[in-house]
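Structure first, commentary second.
The values are calculated or read from the model by the stated rules, or taken from the named source; none is laboratory data. Please read all numbers here as calculations on a predicted model, not as lab measurements. As a convention, Cβ positions derive from the backbone with ideal geometry for all residues, glycine included, and neighbour counts pool all protein chains shown.
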Amino acid sequence: MFNLVLFGPPGSGKGTQSENILKTYKLQHISTGDLLRNEVSNMTPLGTEAKKYMDQGMLVPDEVVIGMISSKIDETPDARGFIFDGFPRTRAQAEALDKLLEFKNTRIQLVLALEVPEEDLIKRLLGRGETSGRSDDNLEVITKRIKEYHAKTEPVASYYQSQGKLERIAGHHPIPDTFKLLCKEINNYILPA
Ligand code: AP5
């Protein structure tokens with residue numbers, strides 16, 4: 001099994017590149033943002049609770065997100081591997097993921113961190129906000145999401161760096177060019193399926 005974390009600030013291209021990677025390498029995509037938005041649109045109790053945090057650009061509590069990930073991994077026991085997109089976002093989530101994968105006799109092999117200048121992030125997310133219908137794609141909430149990223153998520157990079165798993169990728173290039181840079185790293189572990 002090959003397990004990849006796609007890491008980076010809001011708007012860095014995690015969702016976009018996950019789509020490209022999963023098609024090329026036939027991996028299962030787990031996006032905690034998508035899972036949470038699904039709960040919100042189904043108006044589940046979890047979704048109602050999560051929405052309060054998401055609308056303010058704050059992280060949803062760890063225990064909620066970790067529980068969702070665990071059941072999602074169990075849904076596809078025969079997966080070739082997983083792309084974790086937008087997870088882990090705190091050190092507690094990273095440690096919980098390590099334990100979950102260890103229990104399944106596997107581990108995270110690679111963490112690709114997309115690096116994009118902040119003005120590009122804001123431009124991209126405002127652009128997406130014109131059509132996405134995402135209630136968090138407006139300037140006030142985007143600014144809070146980026147602040148939350150620096151405060152709580154960026155430190156997770158050093159957790160993986162100390163394990164020798166982190167590769168930083170310049171994510172300001174056009175989408176196909178960034179994809180090529182990501183593939184170059186992934187090909188060291190698995191080849192396209
Ligand atoms: P989530 O859905 O994960 O949002 P995010 O991290 O803010 O990421 P985005 O989806 O906004 O950006 P992305 O990096 O995926 O970029 P994308 O490819 O879409 O989380 C939303 C909320 O849910 C959080 O704020 C939090 O409340 C909660 N949450 C989620 N996970 C959580 C967790 N683990 N713990 C706690 N809370 C959690 O691209 C963005 C735009 O840019 C698109 O329009 C795209 O077309 C464009 N674009 C992409 N690449 C390029 C490029 N190279 N050049 C030009 N444009 C590009």
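Please find, among LEU22, LEU35, the residue that is farther than 17 Å from GLU154 by Cα and more than 9 Å from the ligand (Cβ to nearest atom).
Values: LEU35 fails: more than 9 Å from the ligand (Cβ to nearest atom).
Exactly one of LEU22, LEU35 is farther than 17 Å from GLU154 by Cα and more than 9 Å from the ligand (Cβ to nearest atom), namely LEU22.
Within segment 169-179, can one find any residue that is within 12 Å of the ligand (Cβ to nearest atom), surrounded by fewer than 14 Cβ atoms within 10 Å (Cβ to Cβ), within 28 Å of TYR25 (Cβ to Cβ) and touching a residue at least 12 places away in the same chain (Cβ under 8 Å)? Steps first, please.
In the first step, residues of segment 169-179 are kept if they are within 12 Å of the ligand (Cβ to nearest atom); the result is 169-179.
Still in the running and surrounded by fewer than 14 Cβ atoms within 10 Å (Cβ to Cβ): 170, 174-177.
After this cut, where a residue has to be within 28 Å of TYR25 (Cβ to Cβ) as well, the list is 170, 174-177.
Filter once more, so that each one left must be touching a residue at least 12 places away in the same chain (Cβ under 8 Å): 170, 175.
Taking every residue of segment 169-179 in turn, at least one turns out to be within 12 Å of the ligand (Cβ to nearest atom), surrounded by fewer than 14 Cβ atoms within 10 Å (Cβ to Cβ), within 28 Å of TYR25 (Cβ to Cβ) and touching a residue at least 12 places away in the same chain (Cβ under 8 Å).
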Discussion item. Please verify whether ALA79 is assigned to a loop (DSSP other than H, G, I, E, B), touching a residue at least 24 places away in the same chain (Cβ under 8 Å) and either more than 23 Å from PRO176 (Cβ to Cβ) or more than 9 Å from the ligand (Cβ to nearest atom) (or both), treating the condition exactly as stated.
Written reply: yes
Discussion item. Go through (1) modelled with pLDDT of 95 or more; (2) buried (at least 20 other Cβ atoms within 10 Å of the Cβ) for ILE73 and report which single condition fails.
Written reply: (1)
Worksheet item: Does LEU110 meet the test of being without any contact (Cβ under 8 Å) to a residue 40 or more places away in the chain and more than 11 Å from the ligand (Cβ to nearest atom)?
Response: no
Item to complete: Go through segment 19-57 residue by residue and tally those that are out of contact with any helix residue (DSSP H, G or I) (no Cβ under 6 Å at 6 or more places or on another chain) and under 16 Å from ILE73 (Cβ atoms).
Response: 5
Worksheet item: Inside segment 107-152, can you point out the residues that are over 29 Å from ASN188 (Cβ atoms), under 17 Å from the mean Cα position of the chain (by Cα) and among the β-branched types (Val, Ile, Thr)?
Response: ILE142, ILE146
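If you check PHE7, PHE2, which single one turns out to be within 11 Å of the ligand (Cβ to nearest atom), within 27 Å of ASN105 (Cα to Cα) and not charged (D, E, K, R)?
Working: PHE2 fails: within 11 Å of the ligand (Cβ to nearest atom).
Being within 11 Å of the ligand (Cβ to nearest atom), within 27 Å of ASN105 (Cα to Cα) and not charged (D, E, K, R) holds for just one of PHE7, PHE2, which is PHE7.
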Fill in: Which numbered condition ILE66 fails, given (1) surrounded by 20 or more Cβ atoms within 10 Å (Cβ to Cβ); (2) over 28 Å from ILE175 (Cβ atoms); (3) near the ligand (Cβ under 8 Å from one of its atoms)
(3)
